[in-house]
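The values are calculated or read from the model by the stated rules, or taken from the named source; none is laboratory data. Worth saying up front: this structure is predicted, and the values here are computed from it rather than measured. No Cβ is skipped: glycine too gets one built from the backbone with ideal geometry, and neighbour counts run over all protein chains shown. What goes into the accessible areas is simple: the full protein's heavy atoms, side chains included, and nothing from ligands, DNA or RNA. Shrake-Rupley method; radii C 1.70, N 1.55, O 1.52, S 1.80 Å.
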Amino acid sequence: MAARAESTPEKWALHFGVWRGNDFVGCQDLSAEGFGTLKTVSTGSWLRQDAQGQGLGKEMRTAVILYAFDWLKADTAVSEAAVWNSSSLGVSKSLGYEPNGIFRESWKPAELTEVQYLRLSSERFIRPAWNLDVRGHVRSADYLGIPLNDG
């Protein structure tokens, strides 16, 4: 609830649940800071281990990227993954992301993690064969302070 309560046009996060039938298998996030100026979104996800390796990670990230580029009119999406996380990096590569530097992070206390940053422009995005059905977008964009030119 804090993410919704603390959302402003300057800094926001959308959290999407991912289900297979009635079974919750993960979540996909889309967030931004300074979106009105930067037109950049960030993605993050978590997928239950028994749901990995079935294409769901790629599909759920594709869905939020489609939403960001086609409905929110973002120019760029960024993401990151530990350098050892070949599955996440593979999803990124398959969607057209480009490497954007390796940084040292401390994701866990007193533990060093090398992190690959990634960047995807709307022009490089490898689009799926399917279409995304979005409902309630006008009210969501209004809440986030994102002006809509074409509704």
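Some observations on this one:
- Accessible solvent surface per residue of the chain, calculated while the other protein chains remain in place, 1.4 angstrom probe, Å²: 63 Å²
- Helix 56-66 and the longest principal axis of the Cα set of the chain meet at an angle near 40°.
- Degrees between helix 86-95 axis and first principal axis of the chain (Cα, 0 to 90, nearest 10): 40 degrees
- If the Kirkwood radius is taken over C-alpha pairs of region 10-68, then at 4 °C and 1.567 mPa s the Stokes-Einstein diffusion coefficient equals 107 µm²/s.
- For Glu98, neighbours were defined as the other residues whose beta-carbon sits under 11 Å from its Cβ, and their charges (Lys and Arg +1, Asp and Glu -1) total +3.
- P(r) tail, region 1-142: Cα-Cα pairs separated by more than 26 Å, 24% of all pairs.
- Neighbour count of at most 14 Cβ within 10 Å plus DSSP loop: longest GluC sites (Glu not before Pro)-free window in the chain: 11-122
- Exposed loop sites here are chymotrypsin sites (Phe, Trp or Tyr not before Pro) assigned a DSSP state other than H, G, I, E or B and surrounded by at most 15 other beta carbons within 10 Å; excluding them, the longest clear run of the chain is 1-83.
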